Amino acid sequence: METDRLYRVTKQDETKLIALLTECFMGDPLYQGLIPDQHRREKLLPELFRCDLDEMLDDCEIYAVNENLDGIIVVSDETEPYNPFQYFAEQLYSTLKTNAFLIKDDPSLETFFNFLRGRDYLNSSWTDELDENRLHIIYLAVRPSCQGRGYAKQLMSAVLDCADRKGLLVSLETHNPKNVGLYRHFGFSLFETIDHYPDLVQYCMVRQSKVRLLPKAA
């Protein structure tokens, strides 16, 4: 996915990106469920996002509404070719790095086992059932103090317009029931829910392209 309507986030924005994700997801039901203790969550979240950052920058497109990163969207273009060996190696490295950090911070292993039990909420495995001609939105985050300025619409519209031009499906998940109505407003519908973790529901949503591509001429 490419767009010139937004600021492209790079490695130089690492500190601001981690700070924004931490601020926006501190109260998210997913991380509240996996890390119930707020003090531990405040300590762990920046490092957890740091563990994922290299993979995100290498494999995803990250765009922001401005250089201050007051709102960002992280998109994985599933149409792009990839090396499966490299992909699984990166996944394994990221998982090992995250697990090592969780165990080091909490030797009781409570947090580690929370993440282990909640792995289906973290790996987007539900999208295996979907068409590969697809964009997957990993994060949509707007700084709380900047909400109400139309940033979410600005970010989402750029992605959805790109998907429509290419005739692509768009997928995402949210763990906040309040967000379901927001995504329905953008044309998403509920595909399925995942609810086998106590008091935590993942809403898996998809949006069909509004443009039907014509078949290529023979």
Hey, L102 loosely packed, with under 14 Cβ neighbours inside 10 Å and at pLDDT below 95 or not:
no
What number goes with the only condition from (1) modelled with pLDDT under 95; (2) outside any helix (DSSP H, G or I) that E47 does not pass?
(2)
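Which members of the stretch 1-53 meet the condition of being of a type in the set (D, E) and in contact (Cβ under 8 Å) with a residue 12 or more places away in the chain? Break it down stepwise before answering.
Initial filter on the stretch 1-53 (of a type in the set (D, E)): 2, 4, 13-14, 23, 28, 37, 42, 47, 52.
Once the filter is applied, which keeps residues that are of a type in the set (D, E) and in contact (Cβ under 8 Å) with a residue 12 or more places away in the chain, the stretch 1-53 yields E2, D13, E14, E23, D28, E42, E47, D52.
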Could you tell me which numbered condition T111 fails, if it satisfies all but one of (1) open to solvent by less than 30 Å² (accessible area, probe 1.4 Å); (2) in a loop (DSSP other than H, G, I, E, B); (3) among the hydroxyl-bearing types (S, T, Y)?
(2)
Being open to solvent by less than 50 Å² (accessible area, probe 1.4 Å) and assigned to a helix (DSSP H, G or I): is that true of C204 here?
no
Applying the selection to the stretch 124-138, what residues are open to solvent by less than 80 Å² (accessible area, probe 1.4 Å), out of contact with any helix residue (DSSP H, G or I) (no Cβ under 7 Å at 6 or more places or on another chain) and of a type outside the set (G, A, S)?
W126, T127, L130, R134, I138
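L116: in a strand (DSSP E or B) and without any contact (Cβ under 8 Å) to a residue 24 or more places away in the chain, yes or no?
Working: in a strand (DSSP E or B): no; without any contact (Cβ under 8 Å) to a residue 24 or more places away in the chain: yes.
Criteria not met by L116.
Specify the residue that is modelled with the lowest pLDDT; the eligible residues are those in the stretch 181-198 that are closer than 27 Å to L116 by Cβ and aliphatic (A, V, I, L, M).
I194
Would you point out the residue of the stretch 54-85, among those that are in a loop (DSSP other than H, G, I, E, B) and modelled with pLDDT of 95 or more, that is least open to solvent (accessible area, probe 1.4 Å)? Quick ask: steps written out before the conclusion?
Filtering the stretch 54-85 for residues in a loop (DSSP other than H, G, I, E, B) gives 60, 65-70, 78-83.
The next check asks that each one be modelled with pLDDT of 95 or more; those that pass are 65-70.
Details: V65: 27, N66: 39, E67: 120, N68: 98, L69: 0, D70: 23 Å².
Filtering the stretch 54-85 for residues that are in a loop (DSSP other than H, G, I, E, B) and modelled with pLDDT of 95 or more, the one least open to solvent (accessible area, probe 1.4 Å) comes out as L69.
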Is it fair to say L172 is of a type outside the set (F, W, Y) and in contact with a helix residue (DSSP H, G or I) (Cβ under 6 Å, 6 or more places away or on another chain)?
no
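Taking the condition of being small (G, A, S) and part of a helix (DSSP H, G or I), how many residues in the stretch 156-171 meet it?
Our first condition is that a residue be small (G, A, S); within the stretch 156-171, this holds for 157-158, 163, 167, 171.
Now narrow it down to the ones that are part of a helix (DSSP H, G or I): 157-158, 163.
Looking only at that region, the number is 3.
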Matching entry among A141, A163 (being among the small types (G, A, S), surrounded by 19 or more Cβ atoms within 10 Å (Cβ to Cβ) and in contact with a helix residue (DSSP H, G or I) (Cβ under 7 Å, 6 or more places away or on another chain)):
A141
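The values are calculated or read from the model by the stated rules, or taken from the named source; none is laboratory data. Worth saying up front: this structure is predicted, and the values here are computed from it rather than measured. All Cβ positions, glycine included, derive from the backbone under ideal geometry; neighbour counts span all protein chains shown. Keep in mind that these areas ignore ligands, DNA and RNA; they rest on the heavy atoms of the full protein, side chains included. Shrake-Rupley method; radii C 1.70, N 1.55, O 1.52, S 1.80 Å.
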